[in-house]
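Each remark here refers to the structure printed beneath this line.
Bear in mind that the values in this text are calculations on the coordinates, not laboratory data. The model shown is predicted, which means the values in this text are computed figures rather than measured ones. Neighbour counts run over all protein chains shown; Cβ positions are idealised from the backbone, glycine included.
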Amino acid sequence: MLEHLQVDRPRKLVSFWGEPVIFHCHHYNLFLQQTIEDPDWIDGISILRTSAQEIFYSLLHEALTQHRTRDPQVGFQVAAEIFAFLGFGRLEITGTDQGGTVKLYHSHYAEGWLGKYGEQVNRTKPIDHLAVGYAAALFDAVFGELGHYVAEETSCIAVTRGEHCLIQVVPAAVPRRLTPSPRMGQLIDQPQPLPDPKTSVDYDAVNEALWSLPLMGDETGQIRAFNVLLTRMPANFYNRIQYRFLEALRQVNPELLGVGQDLIRESGHVCVFYTFGNIMESVEWESLVLPMIQSDTDWIHGGYAVASSLGWGRWQAVEVTSNQDCRVVIDGNYEANYFLASHPDRHEPACYFAQGAVPAMMNIVYNGKVADKPTLDQAFYNRLFQRGGVFQGSEVKAREKGDPWCEFTAYRA
Amino acid sequence: MSSPPTELDSFITSELPRTRRRECGLGWAVDIHLPRCLTWAELEQLTQTLGGSCRRFGNLIWLDLAGGRITASLVTPRLTLRPRDPRQEGQMTTVLQVTLSRLLFRKIGG
């Protein structure tokens with residue numbers, strides 16, 4: 001499967017069967033899903049499942065077209081290989097055009113949830129909304145068209161603590177009209193010339209080192225690297241669920257929109273705290289990035305050098321003042337690429353994930369003192385952000401409003 | 001009458017300093033803290049002894065063994081062991097201890 005990954009070096013994007021794919025870890029995946037799932041005045045589960053069906057259909061349709069197969073068994077096999085390659089777990093798929101069954105082993109979401117919360121909480125509802133959407137999408141791609149199948153998780157290991165999850169797929173009573181992925185979205189024409197940052201970190205060298213790593217699901221369909229459990233997620237799944245979530249809140253009450261935006265920003269904060277905190281404590285970091293680091297501000301640059309290797313776009317710190325503030329440019333952020341393609345009539349800054357991620361990088365380096373290798377758990381997170389002096393951020397330039405790139409600042413509150 | 005323990009004996013019998021930590025998901029990782037960095041040749045030898053394959057990405061090395069992956073580095077004195085099955089962890093660390101002790105002792109001894 002690695003051969004189907006395409007790296008767009010100038011834009012620092014990665015695609016897989018024509019879909020932009022990006023790395024995130026289960027802390028972010030679980031937090032974002034819970035954010036969307038929790039409010040009972042919107043149908044968050046439907047947002048998650050439908051978005052997964054739409055985005056994965058585009059990916060699977062392309063993959064099966066390229067494989068030039070109409071054999072359902074080959075289609076099932078390819079779909080299972082892709083699911084495992086991306087780090088979501090292992091699938092066993094059986095069925096016909098009348099529907100079928102998908103067994104899910106080592107579910108990223110379910111095992112991630114059990115690892116994070118399983119000792120404190122008993123879950124009563126299934127968690128694998130992405131896999132449910134994926135299951136419907138794979139039957140769509142093998143037997144029909146987008147929206148022709150529906151799926152339901154009837155058993156989930158996050159609830160049962162059993163061996164595998166179970167998803168049932170049936171033809172939709174009435175095919176649903178769903179919206180395909182915008183694929184790569186509205187890309188930047190070419191990278192903008194950015195000022196050379198004052199750092200000893202060589203962004204391009206870090207990019208090449210990380211792009212050379214064959215990061216893919218192991219025999220369990222999980223990607224364990226950088227001290228975290230990674231997934232290589234289609235970026236447009238994140239984009240679609242976050243913007244649909246905000247729209248659903250707005251339709252309930254326009255005043256909820258700001259709350260929703262804050263929650264997406266918080267997901268970016270959670271992501272950087274856990275993902276980058278763990279990355280910066282890993283052997284991988286110590287081998288590939290730490291040798292370049294000469295000052296505390298280089299930790300910020302190192303973080304963005306890694307971020308720009310994850311398929312997120314061209315993230316670069318252009319100014320970092322030690323322990324005070326920073327300015328970060330994102331030239332071709334994955335959120336903006338999607339938003340510009342999907343909402344061409346809207347002109348407000350919409351990179352909510354990045355708005356949370358940029359101050360979080362300052363928080364993990366300067367407040368969290370990640371160089372001292374703290375234990376990155378919920379207690380540490382709470383302690384860190386309940387005290388004063390937390391970094392906050394804002395998006396000061398945005399492609400959505402006509403600027404040449406998106407730009408963010410982080411500063412002490 | 002038995003001879004006094006050699007430096008190698010004490011290296012083998014004293015436990016390698018290690019940290020066992022919960023990782024994301026349901027996995028465990030074991031960090032093994034070494035007195036010095038291993039060289040590429042030593043890591044190749046370690047892989048050969050343990051029966052696996054190793055791949056190099058700059059200063060980062062992956063040792064893929066039947067029981068799991070060891071992430072190693074040419075510039076940091078630490079190995080991270082991620083056993084596929086937690087029940088194999090004890091056996092893997094024991095074998096590692098003996099092999100590493102020999103590698104490290106030989107180097108230290110000159």
- [ ] Determine the distance separating the Cα centre of segment A:344-410 from the Cα centre of segment B:30-80; give it in Å without decimals.
- [x] 35
TODO: Ratio to report: Rg/Rh of the protein assembly as shown, with Cα atoms as the point set and Rh obtained by the Kirkwood method; give two decimals.
DONE: 0.98
Open item on the list: Please list, ordered by chain and number, the residues whose modelled amide H lies under 5 Å from the amide H of A:Glu407; skip anything fewer than 5 residues away on the same chain.
Closed with: A:Ile330, A:Val396, A:Lys397, A:Ala398
- [ ] Just add up the charged neighbours of A:His61: K/R +1, D/E -1, any other residue whose Cβ is under 10 Å from the Cβ of A:His61.
- [x] -3
Open item on the list: Check which residues have an amide H placed less than 5 Å from A:Ser212's amide H, if you skip close sequence neighbours.
Closed with: none
Open item on the list: Starting from 0.36 nm per residue, how many nanometres of slack lie between A:Arg9 and A:Gln378 once their C-alpha separation is accounted for?
Closed with: 129.3 nm
TODO: With a Förster radius of 56 Å, plug the Cβ-Cβ distance of B:Arg102 and A:Thr101 into 1/(1 + (r/R0)^6) and report the FRET value to the nearest 0.05.
DONE: 0.60
Open item on the list: To the nearest 20 Debye, how big is the dipole of segment A:176-256 about its Cα centre, given +1 on the beta carbon of each Lys and Arg and -1 on that of each Asp and Glu?
Closed with: 620
TODO: Note the angle between two axes, namely the Cα long axis of helix A:235-252 and the longest principal axis of the Cα atoms of chain A, as a number of degrees from 0 to 90, rounded to the nearest 10.
DONE: 90
Open item on the list: If the reach is capped at under 26 angstrom between alpha carbons, list the lysines near A:Lys373, excluding any in the same chain fewer than eight residues apart.
Closed with: A:Lys116, A:Lys198
Task: Residues with amide H under 5 Å from that of A:Ile22, placed H, sequence gap 5 or more - done: A:Met233, A:Ala235
Task: Neighbourhood charge, 14 Å Cβ-Cβ cut-off, centred on A:Gly268 and excluding it, Lys, Arg +1 and Asp, Glu -1 - done: -3
Open item on the list: With unit charges on the beta carbons (Lys and Arg positive, Asp and Glu negative) and the dipole taken about the Cα centre of segment A:87-196, which residue among A:Thr154, A:Phe88, A:Val102 sits farthest to the positive side?
Closed with: A:Thr154
Task: Euclidean distance between Cα centres, segment A:89-138 to segment A:216-275, Å - done: 18
- [ ] Could you pull out the longest piece of chain A with no exposed loop trypsin sites (Lys or Arg not before Pro) in it, calling a site exposed if DSSP puts it outside H, G, I, E, B and it has at most 11 other Cβ atoms within 10 Å?
- [x] A:178-386
TODO: Calculate, for A:Glu247 and B:Thr94, the FRET efficiency according to 1/(1 + (r/R0)^6) with r their C-beta to C-beta distance and R0 51 Å; round to the nearest 0.05.
DONE: 0.35
Task: Estimated [θ] at 222 nm from DSSP helical runs (n ≥ 4, -39500 (n - 2.57)) normalised by residues in chain A, nearest 500 - done: -12500 deg cm²/dmol
Open item on the list: Through the Karplus equation 6.51 cos²θ - 1.76 cosθ + 1.60, θ set to phi - 60°, convert the phi angles of segment B:55-64 into ³J(HN,Hα) values in whole Hz; use x for Gly and Pro.
Closed with: 10, 10, 10, x, 8, 9, 10, 10, 9, 9
Task: Computed FRET value (nearest 0.05) for A:Asn323 with A:Asp403, which takes r as the C-beta separation and R₀ as 30 Å - done: 0.60
TODO: Answer with one residue from A:Asn278, A:Gly185, A:Ser58: the one whose Cα lies farthest towards the positive end of the charge dipole of the protein assembly as shown, charges on Cβ with Lys, Arg +1 and Asp, Glu -1.
DONE: A:Asn278
TODO: Would you work out the relative contact order for segment A:64-156, in percent, from Cα pairs under 8 angstrom that are 6 or more residues apart?
DONE: 24
Open item on the list: Charges on Cβ only, +1 for Lys and Arg, -1 for Asp and Glu, centred on the Cα centroid of segment A:58-170; of A:Leu166, A:Ala141, A:Pro126, which one is farthest towards the dipole's positive end?
Closed with: A:Pro126
Task: Bins of 5 Å from zero: percent of alpha-carbon pairs in segment A:186-250 - done: 3, 11, 11, 14, 16, 17, 16, 8, 3
Open item on the list: Kirkwood Rh over alpha-carbon pairs of segment A:256-404, then Stokes-Einstein at 4 °C and 1.567 mPa s: what D in µm² s⁻¹, rounded to an integer?
Closed with: 81
Task: Square roots of five times the Cα gyration tensor eigenvalues for segment B:18-82, Å - done: 19, 14, 10
Task: Environment charge of A:His301, counting only residues whose C-beta is closer than 14 Å and scoring Lys/Arg +1, Asp/Glu -1 - done: -3
